Amino acid sequence: MEVAPDLLGRTLVRRLPGGARLAGRIVETEAYEPGDPASHGFRGMTARNRSMFGPAGHLYVYFTYGNHWMMNAVTGGPGEPSAVLVRAIEPVAGLEAMARARGRDRPVDLCSGPGKLAQALSVDRSHDGVDLVTGTEVWIERGVAAPGLVATSPRVGVRVGLERQWRFFVAGDPFVSRGRPGPPSNARRAPTP
């Protein structure tokens, strides 16, 4: 769990096949640990979550909500399902390529949520398991310490483990996602008369 706040301020980098370098300062993360009922690893290893079980320093990529890829840094040793979801970055390089991938121009709209982030960086299941330390497609660089106050809250979009304050973000940073802590909303808009 200590890795999640430590990733704030580090630089997530993606090298596209044509050589373009996309990068951003990590501003929001969430921790998922062994024994955590909100974790994909809670019920054991499957083909889908195998990368989450280690080794540490690799990427765990999964598909959710029927249309979003999510990127996680694996943090546990072999056999230990521990990972940090990278929820948001502040884009610092390759903004034009990110904008094309997202169909959006405003920098604040490019990577301010985990699905947006994976889309902006063109990351999908083919990147599952890549080495984030010595890799050449996706990796994390040292960066600088997170500026400002690091805040915590319950994680976004989970129905269990809500007592855990395992979402970490740079307070007041405009690039942090607008996701609301807690379970996904089932509210539906009332039909207009």
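The values are calculated or read from the model by the stated rules, or taken from the named source; none is laboratory data. Because the structure is a prediction, the values reported are computed rather than measured. Glycine gets a Cβ as well: all are built from the backbone with ideal geometry, and neighbour counts include every protein chain shown. With ligands, DNA and RNA removed, areas are computed over all heavy atoms of the protein, side chains included. Shrake-Rupley method; radii C 1.70, N 1.55, O 1.52, S 1.80 Å.
Looking at (1) in contact with a Ser or Thr (Cβ under 7 Å, 6 or more places away or on another chain); (2) closer than 23 Å to Arg180 by Cβ; (3) touching a residue at least 40 places away in the same chain (Cβ under 8 Å), which one does Gln165 not meet, given that it meets all the others?
Just one mismatch for Gln165, condition (3).
Can you name the residue in region 47-61 that is modelled with pLDDT of 90 or more and either touching a helix residue (DSSP H, G or I) at 6+ places or on another chain (Cβ under 8 Å) or part of a loop (DSSP other than H, G, I, E, B) (or both) and, of all such residues, is farthest from Arg155 (Cα to Cα)?
Within region 47-61, the first condition is being modelled with pLDDT of 90 or more, and the residues that meet it are 49-53, 55-61.
Narrowing the set further to residues that are either touching a helix residue (DSSP H, G or I) at 6+ places or on another chain (Cβ under 8 Å) or part of a loop (DSSP other than H, G, I, E, B) (or both) leaves 49, 55-61.
Working: Asn49: 19, Pro55: 24, Ala56: 22, Gly57: 22, His58: 22, Leu59: 20, Tyr60: 18, Val61: 18 Å.
Filtering first and then ranking leaves Pro55.
Taking only region 52-67 into account, find how many residues are open to solvent by less than 20 Å² (accessible area, probe 1.4 Å) and among the polar types (S, T, N, Q).
Counting residues in region 52-67 that are open to solvent by less than 20 Å² (accessible area, probe 1.4 Å) and among the polar types (S, T, N, Q) gives 0.
Where residues in region 81-130 are of a type in the set (Asp, Glu) and within 19 Å of Arg21 (Cβ to Cβ), which of them is surrounded by the fewest Cβ atoms within 10 Å (Cβ to Cβ)?
Glu96
Consider Val92 carefully, then state whether it is among the hydrophobic types (A, V, I, L, M, F, W, C) and either out of contact with any Gly (no Cβ under 7 Å at 6 or more places or on another chain) or within 16 Å of Arg25 (Cα to Cα) (or both).
Numbers: among the hydrophobic types (A, V, I, L, M, F, W, C): yes; either out of contact with any Gly (no Cβ under 7 Å at 6 or more places or on another chain) or within 16 Å of Arg25 (Cα to Cα) (or both): yes.
Judged against the criteria, Val92 is a match.
Could you check how many residues of region 149-161 are more than 15 Å from Glu33 (Cβ to Cβ) and part of a loop (DSSP other than H, G, I, E, B)? Walk me through how you get there before you give the answer.
If we filter region 149-161 for residues that are more than 15 Å from Glu33 (Cβ to Cβ), which is where we start, we get 149-151, 153, 156-157, 159.
Next cut, part of a loop (DSSP other than H, G, I, E, B) only: 149, 157, 159.
Count: 3.
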